[in-house]
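Since the structure comes first, as structure tokens, the remarks are kept for the end.
Any read-out appearing in this document is the output of simple, stated calculations on the displayed coordinates, not a laboratory observation. Quick caveat: nothing in here was measured; it's all calculated off a predicted structure. Counting neighbours? That spans all protein chains shown, and the Cβs are built from the backbone with ideal geometry, glycine included.
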Amino acid sequence: MTAPRDRNDSPAAVKPAILSVDDDPGVSRAVVRDLRRRYGEKYRIVRAQSGPDALDALREMKLRGQPVAILVADYRMPGMDGIQFLEQAMDLHPYARRVLLTAYADTDAAIDAINVVDLDHYLLKPWDPPEEKLYPVIDAQLEAWLCTEHRPITETKIVGHRWSARSSEVREFLARNQLPYRWYMSDEPEGARLLEAAGTDADHCPVVITAEGEALIEPTDAELATRVGLNTTPSKDFYDLIVIGGGPAGLGAAVYGASEGLRTVLVERTATGGQAGQSSRIENYLGFPDGVSGSQLADRARRQASKFGAEVITTRDVVGLEVRGAARTVRFADGDSLDAHTVIVATGVMYRRHPAPGIDDYTGRGVYYGSAMTEAARCANEDVYIVGGANSAGQAAVYLSRTSRSVTIVVRAPSLENSMSHYLIQQIENIDNITVRSCSEVTTVAGDDHLERITLRNNATDTEETVDAQWLFLFIGAAPGTEWLDGVVVRDERGYVVAGPDLAIDGGRPRGWPLERPPHHLETSVPGVFVAGDVHADSAKRVASAVGEGAMAVMLVHRYLAKP
Ligand SMILES: Cc1cc2nc3c(=O)[nH]c(=O)nc-3n(C[C@H](O)[C@H](O)[C@H](O)COP(=O)(O)OP(=O)(O)OC[C@H]3O[C@@H](n4cnc5c(N)ncnc54)[C@H](O)[C@@H]3O)c2cc1C
């Protein structure tokens, strides 16, 4: 038996359930008929014919976040009696009111049950007329239930360990894809109830329960993406344009490519938005005088790209690029490949690993690269350390200062002047609970199953101090991660992609360049392969310039397609 649910259930539309379980079909029908007559409009009356069936239905309702108001169980049932059923049902839906249906002869058992399962009422059979014997009881139970916590939780739920790197990654993944979720720790009562309903335990976390009530146990990003409705597979074999990377540059390229009629596919390793998607507030992007959060900007851009017909593929990592005649072939980590006339590399940059001993052991367990927005709620009223002196660190400090007890920015330079925008330095100066520790760096981190202490070294005074710290956010220098382009396109000594006039050697053609014409402005050393955004050597490392280069690269793609 299943608990039916409308496809478009919204919290407002979800009716709380009254579940009746009785093995006698005649009695069962009569209870449900009477309940439906009076409560059917506001409550979903669910009927089960055995304890195990009813528990299955309750598990399903638990996963779907459907509230259960009352359980009406017959005492005498074969296999699992009413008291045993209510005992197990309590573990899943502790707030549901419990009513036991008994014959007169079983009154003693019913009285005992008051203690065993914290029974709210026992109802003697028969209950005719219901107006006198059934409805007043159910009305009183509903009144009591309405005073308890019973809001339907229909959004996606994640159950995991507080200090688990993978749980943290899953939260970040959903947040970056703008999928609202509720987080439950596996050792809190509701977390344990959800694990039990999903048929698993704390050793198999994280568990993601979709809005439809499907439980995904230790899912990969690709599984998650598919289940939550994100596209992971291109629909065609050949495109006019493949854009690699879904940050501002890639999204800009996808919008302009698709809107100008190119068959365009954007391929993203994790979630669209790139670095900008991690920004709590971008205040210097044209057209947003009050600022815009990176995730909002990314969401709008992704919808805009899709509106124009660009395909946006997530959780696909590009690991190779090949030239096959006129086709440019992009290879994925899983061995698949995709062909196009042209490619725009917009893979941006990633945070460099922090070199302090122990950092890798605590990543996701107190140490986070970026992720300040996802973790903010968890470090409310706590002391937070941020490493980095650029705008990204400054934004995170301002954001976290609203809920944390204190925020300390650790920066190697003597001040923030040379690395952070003036407007952010001013904001930081005006926030009382932010401190800047200049000339400083984190040298070691330590703890048990999560971060508990960090050691800070002051290079100006040559001193070290170990402080208690559970939250360390790293916003340190970025690296382009373009090793997969090795031997294919020319990169500078730091791995950034060189393009256009910068490729020229002593004013002449780049080495190996096969065409008469010189490379177009954003064209790499491979004709038809362009670069845009932060991965471009000497680029401005700003949202606006990344979007601008994405748009401009598309203009050059058209030029290439017209005359390769
Ligand atoms: C926290 C933070 C705050 C910032 N605030 C501001 C600000 O206020 N104003 C401002 O102008 N700039 C800001 N910046 C900088 C700005 O976000 C970047 O300059 C901009 O995002 C660069 O865009 P991009 O598309 O070139 O690269 P990215 O944003 O880095 O995006 C690249 C994308 O490519 C994907 N990718 C990488 N390799 C592969 C691969 N092999 N296969 C598939 N996909 C891949 C990545 O997952 C990523 O999503 C901020 C940066 C950060 C981190």
In the calculated pair distance distribution of the chain, what percentage of Cα-Cα distances lie above 43 Å?
37
Which percent, to the nearest 5, of DSSP beta bridges fully inside the chain are antiparallel?
40
Which of the lysines could a cross-linker span from Lys62 if the Cα-Cα distance has to be under 20 Å and same-chain partners fewer than 8 positions apart are dropped?
Lys15, Lys42, Lys157
Can you list residues whose amide H is under 5 Å from Ile45's amide H, if they're 5+ apart or on another chain and H is modeled 1.01 Å from N?
Ile18
Between Thr435 and Arg559, what is 0.36 nm times their sequence separation minus the Cα-Cα distance? Round to one decimal in nm.
39.5 nm
Rounded to whole angstroms and listed largest first, the alpha-carbon spread of region 429-508 along its three principal axes comes to 57, 34, 28
A student asked for the Cα radius of gyration and Dmax of region 153-286 in angstrom ought to give 17.6, 54
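Using the Cα centre of the chain as the reference point, and only Cβ charges (+1 on K/R, -1 on D/E), how large is the resulting charge dipole? Debye, rounded to the nearest 20.
I would put it at about 2060 debye.
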Debye intensity ratio I(q)/I(0), log10, region 299-367, q values 0.14, 0.16, 0.23 Å⁻¹ (C-alpha model)
-0.71, -0.82, -1.07
Quick one: grab Rg to one decimal and Dmax as a whole number for region 481-564, Cα atoms only, in Å.
12.3, 34
Please give me, ordered by residue number, the chymotrypsin sites (Phe, Trp or Tyr not before Pro) of region 34-103 that lie in loop per DSSP and have at most 14 other Cβ atoms within 10 Å.
Tyr95
More than 22 angstrom apart: percent of Cα pairs within region 60-200
49
Considering the zone a paramagnetic label at Asp139 would reach in this model (a point 7 Å from Cα along the Cα-to-Cβ line), which residues of region 34-60 have amide N under 18 Å from it?
34-43
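Take the Cβ-Cβ distance between Asp449 and Asp112 as r, set R0 to 56 Å, and report the resulting FRET efficiency rounded to the nearest 0.05. Could you put the intermediate results ahead of the total?
On the way: r = 43 Å, r/R0 = 0.77.
Taking R0 as 56 Å, the efficiency between Asp449 and Asp112 is 0.85.
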Hz values of 3J(HN,Hα) by residue in region 448-458 - Karplus curve (6.51, -1.76, 1.60), Gly and Pro given as x
10, 7, 8, 4, 10, 9, 10, 10, 10, 10, 9
Angle, helix 165-176 long axis vs. longest principal axis of the chain, Cα atoms, 0 to 90°, nearest 10?
80
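Throw me the Rg/Rh for region 253-381, computed over C-alpha atoms with Kirkwood Rh, two decimals. Write out the running numbers ahead of the final one.
On the way: Rg = 17.8 Å, Rh = 17.2 Å.
My calculation of the ratio gives 1.04.
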Please state the relative contact order of the chain as a whole percent: Cα pairs under 8 Å, 6+ residues apart?
10
For region 260-301, just the Cα set please: Rg and Dmax, both in angstrom.
12.3, 35
Helix 294-307 vs. the chain, principal-axis angle (Cα, 0 to 90°, nearest 10):
90
Take peptides 512-519, 342-349, 523-530 and line them up by average Cβ neighbours within 10 Å, highest first, as a rough protection proxy.
342-349, 523-530, 512-519
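Based on the Cβ-Cβ distance from Glu322 to Lys42, what FRET efficiency comes out when R0 is 60 Å, to the nearest 0.05?
On the way: r = 63 Å, r/R0 = 1.04.
Using R0 = 60 Å, I get an efficiency of 0.45.
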Between helix 135-146 and the chain, what is the angle of the helix's C-alpha long axis to the longest principal axis, kept within 0 to 90° and rounded to the nearest 10?
30
From Cα pairs below 8 angstrom and at least 6 apart in sequence, can you work out the relative contact order of region 331-408, rounded to a whole percent?
25
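For region 38-126, report the translational diffusion coefficient in µm²/s to the nearest whole number, using Stokes-Einstein at 10 °C, 1.306 mPa s, and a Kirkwood Rh over Cα pairs. It would help to have the intermediate numbers written out before the result.
Details: Rh = 13.3 Å.
Estimated via Stokes-Einstein, D reaches 120 µm²/s.
For region 51-159, calculate the relative contact order in percent as a whole number, restricting contacts to Cα pairs under 8 Å that are 6 or more residues apart.
Values: 138 pairs, mean separation 31.5, N = 109.
Relative contact order for region 51-159 comes out at 29 percent.
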